[in-house]
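Shown next, in structure tokens, is the structure this report addresses.
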Amino acid sequence: MITSVLVANRGEIACRIFRTCRELGIRTVAVHSDADENALHARVADTAVRLPGAAPAETYLRGDLIVKAAIAAGADAVHPGYGFLSENADFARAVLDAGLVWIGPPPSAIEAMASKTRAKELMGLAPLADVTEADLPVLVKAAAGGGGRGMRVVRRLEELGAALEGARAEAASAFGDGEVFVEPYVENGRHVEVQVLADAHGTVWALGTRDCSLQRRHQKVIEEAPAPGLSEALEEELRALSVRAARAVSYVGAGTVEFLVADDTAHFLEMNTRLQVEHPVTEAVFGVDLVALQLRVAEGHALDGEPPRARGHAVEARLYAEDPARDWSPQTGTLHRFTVPGIRLDTGCEDGDTIDVHYDAMLAKAVAHAPTRAEAVRRLAGALERATIHGPTTNRDLLVRSLRHEEFTSARMNTGFYDRHLTALTEPAPDPHAPLAAALADARAGGSRFGGWRNVPSQPQVKRYATGGEEHEVHYRHTRAGGLEADGVRVVHAAPDLVVLEVDGVQRKFAVSRYGDEVYVNATALKALPRFPDPTAQHAPGSLLAPMPGTVLKVADGLAVGAAVRAGEPLLWLEAMKMQHKIAAPVTGRLSALHVTTGRQVEVGTLLAVVEEER
């Protein structure tokens, strides 16, 4: 009987596993890096153990330290979560050798399936050995791990070498294993997967399908269960192949078998020998707790008969601290307020937490379940639209627009969705009345009834805000009666936290919150600007500023001041949240300044280099 579980992970998945453990009366143990000392997963666990010595990005890859922590805390079982060491057979073996229960598949099954190259061989497939023009396009892929890290699409043969090098570096950083392989790239297929659950007594359940086609950088963004629009024959084939894969390696525990589906044909991708990020949609549809079932199987219990029947439809959206309009760049800062009403929210953060550069940018998974797909999609989109998210820029607006896009609502999406629609989905659409509402709320924040009213005609009060990449100047006046007025609208009510405006005969409410110079009006984020701009704050044309905090991973070979560069040519690479981000020349010209070197830590807005445009 398991009495205490250490989760060898962090963030959202650690908190989610702890929730089930508490419900079952099982004590919980968290591990954390120095950077995560005050993280939510470390705060909510019964016991927390610091993992000493390692850099933040490497801490959760130190299996030896994690096993020592489990023993020191008196845990009798280890759950790996997903990512990090969750598909590392040596770590699983070390846990078992220490006399602890491993809540996952046998190390032999991990070895057979966690390496994507060996998994393909087991399923009668093989990676490409020698790539030719005829094979293009191809996908370079990390043999270990997942989550889109260590993956590159190659469309030109001369790009293969750089893609291999970049994928190896990214995979080694994320998973501690730099092995990569090359396979054919299926254009615009659907990403469909099957949840399997097996016990040690020979029973294997196939708990339906999931569609995970909406992806960015090969990392899933929106997932749903069941996968819509599949023929009955294809669904049966996918379930049968998944059970066959599990039985082939004597699998025990929860796992996922992934496929690309094109022209009603299934192409095997891999088997993930762990719990998936998107497992909540399967839980909602089948009415099960997959973590609780993992614990039961690890204790040696048999699965009870046939799997439960599916009911309804569930959709999950991954809420990230990132800016999709700026090449999905991760964002950092204080998460001042964070609520998503009325649906399931799996998260590893709460009000006041800091989102930093060291780890994945996912804030939460938002999940909606309903009798039909249309109802589940509508419910999720509505909940996200009403969410309060005050802090770093997120992909919330993108998620809402994606869920309401005709291609998605009609279930005609595929993995090329964002390649086709990203520009339209990220066009800024700030509320035109948000700056005025912010100014009126600010006018009331001082508490004076008469504020700036004067008994002679005067110029209006002026305030400036930035939002959506643009600056806005708004004007208002104080009235003799102590009210406020503005051209074109009627001010019905103005308080520091709520403004009501009548626009074209319709009253609209604006909830206002402020944190220093950051102002949030409903879902619109603004930055208060000084009334008179500082002319010295401008950067020279062609300046390259860091779009995110991170580390300069590499400067292009031979790059030096005076070098000729072409627009779009990569000049340097930043690493942030275990992903590499290319910084390219904005124009064709000459490099007139280079302010960074490999290994330097930079903050958002740091001047990296300057390119003088060719005239």
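Within 13 Å, Cβ to Cβ, of HIS421, how many net charges do the neighbouring residues add up to if Lys/Arg are +1 and Asp/Glu are -1?
Local charge sum for HIS421: +1.
What is the log10 of I(q)/I(0) for the range 539-613, computed with the Debye formula using one identical point scatterer on each Cα and no solvent, at q = 0.11, 0.13, 0.16 Å⁻¹?
-0.22, -0.32, -0.48
Can you compute the label reach from THR203? Point 7 Å from Cα along the Cβ direction, backbone N cut-off under 17 Å, restricted to the range 250-279.
251-255
With only Lys, Arg, Asp and Glu charged, each at its Cβ (+1 for the first two, -1 for the last two), find how big the charge dipole of the chain is about the Cα centre; round to the nearest 20 debye.
Computed about the Cα centre, the dipole is about 1640 debye.
Among ALA240, MET413, GLY605, whose Cα lies farthest out toward the positive end of the dipole of the chain, if unit charges sit on the beta carbon of Lys, Arg (+1) and Asp, Glu (-1)?
GLY605
With a cut-off of at most 15 other beta carbons within 10 Å, and DSSP calling the residue loop, which trypsin sites (Lys or Arg not before Pro) in the range 293-346 qualify? Please list them.
ARG309, ARG311
Test of understanding: what is the full-extension gain from PHE532 to GLU614, defined as 0.36 nm times their sequence separation minus their Cα-Cα distance?
In short, 26.2 nm is gained.
Which translational diffusion coefficient, to the nearest whole µm²/s, is obtained for the range 190-421 from the Stokes-Einstein equation, given a Kirkwood hydrodynamic radius over C-alpha pairs, 20 °C and 1.002 mPa s?
117
Eight or more residues apart or on different chains, and alpha-carbon atoms under 25 Å: count the Lys pairs in the chain matching that.
So the count of such lysine pairs works out to 18.
Helix-only mean residue ellipticity at 222 nm, the chain, DSSP H runs n ≥ 4 weighted -39,500 (n - 2.57), per residue, nearest 500. What is it?
-7000 deg cm²/dmol
Express in nm, to one decimal, how much length is gained between ALA445 and LEU96 on full extension, taking 0.36 nm for each residue of separation and deducting their alpha carbon distance.
Gain on extension, ALA445 to LEU96, equals 119.6 nm.
Using 0.36 nm times the number of residues separating ASP487 and THR334, minus their current alpha carbon distance, what extension gain do you get?
51.5 nm
Over the Cα atoms of the chain, what Rg and Dmax result, in angstrom?
Values for the chain (Cα only, Rg and Dmax): 26.3, 89 Å.
Using alpha carbons only, what's the Rg to Rh ratio of the range 484-615 with Rh from Kirkwood?
On the Cα set of the range 484-615, Rg over Rh gives 1.19.
If packing is taken as the average number of other Cβ atoms within 10 Å across a peptide's residues, how do 156-163, 544-551 rank, most packed first?
In decreasing order of mean packing, 156-163, 544-551 become 544-551, 156-163.
Classify the range 113-184 as rounded, prolate or oblate, taking a ≥ b ≥ c as the square roots of the eigenvalues of its Cα gyration tensor: rounded when a/c is under 1.5, otherwise prolate if a/b is larger than b/c and oblate if not.
Cα axes put the range 113-184 in the oblate bin.
Under a no-solvent Debye model with one identical scatterer per Cα of the range 324-453, what's log10 I(q)/I(0) at q = 0.12, 0.17 Å⁻¹?
Taken in order of the listed q values, log10 I(q)/I(0) reads -0.61, -1.08.
What is the distance in Å between the Cα centroid of the range 123-165 and that of the range 95-114?
29
So what are the three principal axis dimensions of the range 4-103 from its Cα atoms, in whole Å, longest to shortest?
30, 29, 23
Given a Förster distance of 25 angstrom, what is the FRET efficiency for ALA564 paired with ARG326, based on the Cβ-Cβ distance and rounded to 0.05?
Once rounded, the FRET efficiency stands at 0.45.
Which GluC sites (Glu not before Pro) in the range 271-339 sit in a loop by DSSP (not H, G, I, E or B) and have at most 16 other Cβ atoms within 10 Å of their own Cβ?
GLU299
Laboratory data are not the source of any read-out in this text; all were calculated from the coordinates shown. Bear in mind that the values here come from a model prediction, so they are computed numbers and not experimental data. Here the Cβ is made from the backbone with ideal geometry for all residues, glycine too, and neighbour counts use every protein chain on show.
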